[in-house]
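Here's the structure, in structure tokens; my notes come after.
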């Protein structure tokens, strides 16, 4: 595993600390790790959602044509 050092604006750091206090994350490490993971995976999830919507539209069209 690699280590990364980041600098955050004060307000962003305060919001991150609040999220940890509220129990959304166990630590700052978890918050950063999960945030980066979500950022990296987002395009893949967007493409998956697009394909699912296309599949639904095609299925609806087949149902309309079958009637």
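The values are calculated or read from the model by the stated rules, or taken from the named source; none is laboratory data. Predicted, not measured: the structure shown is a model, and the values here were computed from it. Please note: Cβ atoms are built from the backbone with ideal geometry, for glycine as well, and neighbour counts cover all protein chains shown.
One line per residue, one yes/no per condition, for (1) part of a helix (DSSP H, G or I); (2) in contact (Cβ under 8 Å) with a residue 24 or more places away in the chain; (3) under 18 Å from the mean Cα position of the chain (by Cα):
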| position | (1), (2), (3) |
| --- | --- |
| 2 | no, no, no |
| 8 | no, no, no |
| 14 | yes, no, no |
| 44 | yes, no, yes |
| 63 | yes, no, no |
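Might you let me know whether the range 21-30 holds any residue that is outside any helix (DSSP H, G or I) and at pLDDT below 90?
No: zero hits.
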